[in-house]
Amino acid sequence: MNETRINNLLKEKNGVQGLVFKSPSHIGYLTNVLFPYPDQSPFNIGLVTSAGKAVLIVPAEWKGVAEDQNWSDDILYYTINEGSPSEAFCKAINKTIINLNLNGKAIAVDYPSWTVAEINRANILFQNSQWSDCDKTIRQSRMKKDQAEVDLLHQAAVIADRGIIGALNHAEGTIGNAEYTLVEFLERVRVHAIEFGSSGIGHLNVSMGKQGRVWFTPVRDFSLLENGKFLRVVYTQEFHGYWNLCNRTFFIGLPRYSDDSAYRLHQNLISLCLKELRAGIKISDFCSEVIQHAKALKVELFNENEFGHGIGLSEVEWPLLTIDNPESFQAGMVIVLDIISLGPNEELIQSTETILIEENGYQRLSDFRDWDDLYCIVGCRTTH
């Protein structure tokens, strides 16, 4: 377990003698143990900690997962034979609380991760304990990354772009080819990301032309790459548990002046906004600057309320880059700057940047390739 992180939380929650977590990403942050797509399982994982002690609560179906990741503290396995998945989980938590001598003491819980049914069961089982919420505390702790986390996020950003570049290599010379569809292009992104080291693919989508006006347009057919249209890829992938959100916009064929101009203005807007980033700047003030820069450049924004978010063990983390967020950027935060503008035919233009906030500026983690110029899929070439 990561004793430093756990002890810091206990210190922040003054008077609390134990912590109980159910969020897989919170548990990964505190234990360095990651479980395979836990949100898709009917079973829950849990973590109960007190000073110097930690117990993982794991469904029997995942026996060995924690041990394979060098977890040396205690593990309590539970099965569905003990009731419904949530009932069995709550019983296992209760057993652990008693074993750690936390019954009747002050315990902090990540409440938003629990269902109403689980909270009701917990209130019955743990009625002798004093409960409080620690979700906000751990989310704030997770906002600032250490160097090991920054390195993982940097590698995740590199892998994401390499997956897209691999797909673009295959797309060259395929315009109108009945054997190369949007679905094929999307699959190439996934395959190449995995080839370059991705641990898993999350959201994966592609849209073409004005179809991309819808934020998450599902690929409903086997459309061909059509000359004269924008192509937009939106996908997430993770490297050793740390995620990257990679949104990129390209053009099929040779762009008209209006298309190229819209993309260049978008990239100019991003460059201006990056210069505003540094520790101490209020997020709401930064968002206001984004809007002002867009107006000065005559760039039409798709959304004036939100311009990105934090990223890490979850695809979306705090802080949220919203116009009403009073928090300030802190050194060590890693954010995804995700400004969306409209093209000449109301297409969505996106090019995300993964950014490490520093005391006097920023560091660009999505630095594998420069996307300032509009990438055009036109013919066969060997370098990108």
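No lab work stands behind these numbers, since they all come straight from the coordinates. Since this is a predicted model, take the numbers as computed values, not measurements. No Cβ is skipped: glycine too gets one built from the backbone with ideal geometry, and neighbour counts run over all protein chains shown.
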(request) Return the lysines within reach of LYS298: Cα separation strictly under 21 angstrom, same-chain partners fewer than 8 residues apart disregarded; answer none if there are no such residues. (result) LYS210, LYS275
(request) Determine which residues of the stretch 1-15 fall in the zone a paramagnetic label at ASN70 would reach in this model, i.e. backbone nitrogen under 20 Å from the point 7 Å along Cα→Cβ. (result) 1-7
(message) What are the extents of the Cα atoms of the stretch 94-206 along their three principal axes, in Å, largest first?
(response) 69, 34, 23
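Roughly speaking, what is the stretch gain from SER271 to VAL191, that is 0.36 nm per residue apart minus the C-alpha to C-alpha distance, in nm to one decimal? Walk me through the numbers on the way to the answer.
Values: separation 80, 0.36 × 80 = 28.80 nm, distance 3.09 nm.
My answer for the length gained is 25.7 nm.
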(message) Students often check this: by mean Cβ neighbours within 10 Å, which of 233-241, 56-64, 250-258 ranks highest, and how do the rest follow?
(response) 233-241, 56-64, 250-258
(request) Based on other C-beta atoms within 10 Å, arrange LYS295, LYS53 from fewest to most. (result) LYS295, LYS53
(message) With an 8 Å Cα cut-off and a minimum separation of 6 or more residues, compute the relative contact order for the stretch 3-141 in percent.
(response) 25
(request) Can you tell me the dipole magnitude for the chain around its Cα centre, using point charges on the Cβ only (Lys, Arg +1; Asp, Glu -1), in Debye to the nearest 20? (result) 480
(request) Can you pull the one-decimal nm distance between simple spin-label points at ASN120 and LYS295, each 7 Å off the Cα toward Cβ? (result) 5.1
(request) Report Rg (one decimal) and Dmax (nearest whole number) for the stretch 3-141, counting Cα atoms only, units Å. (result) 13.7, 38
(request) Report, ordered by chain and residue number, the lysines lying within cross-link reach of LYS63, taken as a straight Cα distance under 29 Å and ignoring same-chain residues fewer than 8 apart. (result) LYS22, LYS53, LYS91, LYS95
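May I ask you to compute the full-extension gain from GLU358 to ASP372, defined as 0.36 nm times their residue separation minus their alpha-carbon distance, rounded to one decimal in nm? Don't skip to the answer; put the middle values down first.
Values: separation 14, 0.36 × 14 = 5.04 nm, distance 2.28 nm.
Length difference between fully extended and current span is 2.8 nm.
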(message) Run the Debye formula on the Cα coordinates of the chain, all scatterers equal and no solvent, and tell me log10 I(q)/I(0) at q = 0.11, 0.14 1/Å.
(response) -0.85, -1.16
(message) At 222 nm, what value in deg cm²/dmol follows for the chain if DSSP H runs of at least 4 each add -39500 (n - 2.57) and the sum is divided by all its residues, to the nearest 500?
(response) -10500 deg cm²/dmol
(request) Rounded to whole Hz and in sequence order, give me ³J(HN,Hα) for the stretch 87-95 from the Karplus expression 6.51 cos²θ - 1.76 cosθ + 1.60, θ = phi - 60°, writing x for Gly and Pro. (result) 5, 4, 5, 5, 5, 5, 4, 4, 4
